[in-house]
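The values are calculated or read from the model by the stated rules, or taken from the named source; none is laboratory data. Nothing here was measured: the structure is a model prediction, and the numbers come from that model. We place every Cβ from the backbone using ideal geometry, glycine too, and count neighbours over all the protein chains shown. These accessible areas exclude ligands, DNA and RNA; they are computed on the full protein's heavy atoms, side chains included. Shrake-Rupley method; radii C 1.70, N 1.55, O 1.52, S 1.80 Å.
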Amino acid sequence: MHNIVILGANFAGTSTAHYLLRHVLPHLNSSSKTSYKVTLISPSDHTFYKIAAARAMQGPTKEQLQKPFYSIPDAFSSYPAASFTFILGKAVGLDEKTQTLTIETEKEETVHYDSLIIATGTTSNSPLWTLHNSLTDTTSAFEDINTRLAFAKLNDILIVGGGAAGVETAGEVGYRFKGKRKTITLLSGTTELLPRYHHKGVSRAATSQLSALGVKIIHNLRVVSTSSLAGGKTELSLSDGSKKVVDLYIDATGGQPNTSFLPASWLDSTRKVITETTTLRTPVKNVYAIGDVTSFSLGNIMDSTWAIPALCYSVYEDLSNGGKGLKEKRYKQITSAMCFIPIGAKGGVGALFGWQLPSWFVWLLKSRDYMIGLAPGVANGKAFTKV
């Protein structure tokens, strides 16, 4: 039995598993004496549609707080056990020589891989933006923020992070409290908002729209450390040497790649997996990577999902010795600015292939509901029902 192991089960990992099970394994199993199966390993048994996090955490009902999360076992229940296994656990070690993974579950266990797909992503500093192992960490963080935003005496709100998560969160909070005499501050940490997109027009538009909602933006200032105080307040030590006490602190900064268990030789200087962009192969035979954990990723949804057909073709090509059962697919990365960032419920900023989008277009596409209807597709791989 040839075991194709996928580490990580969110945007990239779950859909890769569905694609392999639907389109690759039928070809491999029908044309080879070897049997093939997929094993999906994740520390969470739910997917997280984090695209909608800034809106979902402020939902007025518990049902809305739960909308971004979907069960992985339920989404894979139609596949036979001979073809698919899900393991709830976290990879904590890898032996390259024996091709063995050490998985931390209720007890530590080992899993052999013949092919390995690394889709472990990154872990943000706050569980509001990525799953920190179990689902409970994130849902509890959602509930905490939701409860505290509803507190009548909440006056001073500080959001840290000038990327998409920070801008969207500041927009949601600003829209909610516009005209209600709340002090809402966003620390960007750099010289402008949304620096990752390298688009001055989008950055300026985000600054203008947030300012119109009453959000104060401070650049070139970072949080060095935090300490919790009585009454739910937070004391912050800032990079300019000053201290600030706020009623609500929301950390919307980035995190680190989940690669601590991998051999150092597999990683680049930023601790991401060295990955060839068009095929998603790594320098190690039968090892592949996809999504935010890869060296080529720009940290966008396209590099986690649009690259899946090319990755799965590479797996098929390698295991079938260049078989012709599937049409060749290679990933062509989009490097121009691509983003759709709501700022409140009435509009936002964005770019499409480098062209700046009007606020109404972002409203039409995303601001109304953050495309929450796509959340089940993270678990069930709906976008990949066809080759």
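If packing is taken as the average count of other Cβ atoms within 10 Å, what order do 232-241, 16-25, 66-75, 302-311 fall into, highest mean first?
Numbers: 232-241: 13.9, 16-25: 24.5, 66-75: 18.6, 302-311: 21.4.
The peptides rank, most packed first, as 16-25, 302-311, 66-75, 232-241.
Of (i) 22.0; (ii) 25.6; (iii) 21.4, which one was derived for Kirkwood radius over Cα pairs in Å from the structure shown?
Of the listed options (i) 22.0; (ii) 25.6; (iii) 21.4, (i) comes from this structure.
Nearest 0.05, what FRET efficiency do Thr226 and Thr385 give at R0 = 56 Å with Cβ-Cβ as r?
Using R0 = 56 Å, I get an efficiency of 0.80.
Over the chain, calculate the relative contact order: mean separation of alpha carbon pairs under 8 Å at least 6 apart, over the residue count, as a percent.
Answer for the chain is 20 percent.
Compute the label zone of Leu298 within segment 305-341: residues whose backbone N is under 16 Å from the point 7 Å along Cα-to-Cβ.
Within reach of a label on Leu298: 305-308, 331-341.
For segment 288-387, give the percent of accessible area contributed by carbon and sulfur heavy atoms, probe 1.4 Å, rounded to a whole number.
Solvent-exposed carbon and sulfur of segment 288-387 make up 59 percent of the total.
When the distances between all Cα atoms of segment 278-387 are binned every 5 Å from zero, what whole-number percent does each bin get?
The calculated distribution, bin by bin, is 2, 11, 16, 17, 18, 15, 9, 6, 4, 2, 0.
Return the inverse of the average 1/r over all pairs of distinct C-alpha atoms in segment 94-176, which is the Kirkwood hydrodynamic radius, in Å to one decimal.
16.3 Å
Given contacts defined as C-alpha pairs under 8 Å and at least six residues apart, what's the relative contact order of segment 133-292, whole-number percent?
Value for segment 133-292: 20 percent.
Please report the relative contact order for segment 40-162, taking Cα pairs under 8 Å with a sequence separation of at least 6, and give it as a percent rounded to a whole number.
Reported relative contact order: 27 percent.
What is the calculated FRET efficiency for His198 to Asp156, with r their C-beta to C-beta distance and R₀ = 35 Å, to the nearest 0.05?
0.60
Nearest 500 deg cm²/dmol is fine: what mean residue ellipticity at 222 nm does the chain get from its DSSP H runs of n ≥ 4 alone, each adding -39,500 (n - 2.57), divided by its residue count?
-7000 deg cm²/dmol
Any idea how far the Cα center of segment 148-226 sits from the one of segment 92-123, in Å?
Between the Cα centres of segment 148-226 and segment 92-123 lies a distance of 39 Å.
Over segment 1-47, consider all pairs of different Cα atoms and compute the Kirkwood hydrodynamic radius from their mean reciprocal separation; express it in Å, one decimal.
About 11.2 Å for segment 1-47.
Over the chain, give the accessible area per residue in Å² for a 1.4 Å probe, as an integer.
Normalised by residue count, the accessible surface of the chain is 45 Å².
At a 1.4 Å probe radius, carbon and sulfur cover how many percent of the accessible area of segment 127-173?
55 percent
Can you tell me the length gained on complete extension of the stretch Glu108 to Trp306, counting 0.36 nm per residue apart and subtracting the Cα distance?
That works out to 67.9 nm of additional length.
Once R0 is set to 25 Å, what does the formula 1/(1 + (r/R0)^6) return for the Cβ-Cβ distance between Glu143 and Trp355, expressed as a FRET efficiency to the nearest 0.05?
0.05
For helix 164-177, report the angle its Cα long axis makes with the longest principal axis of the Cα atoms of the chain; keep it between 0 and 90° and round to the nearest 10°.
40 degrees
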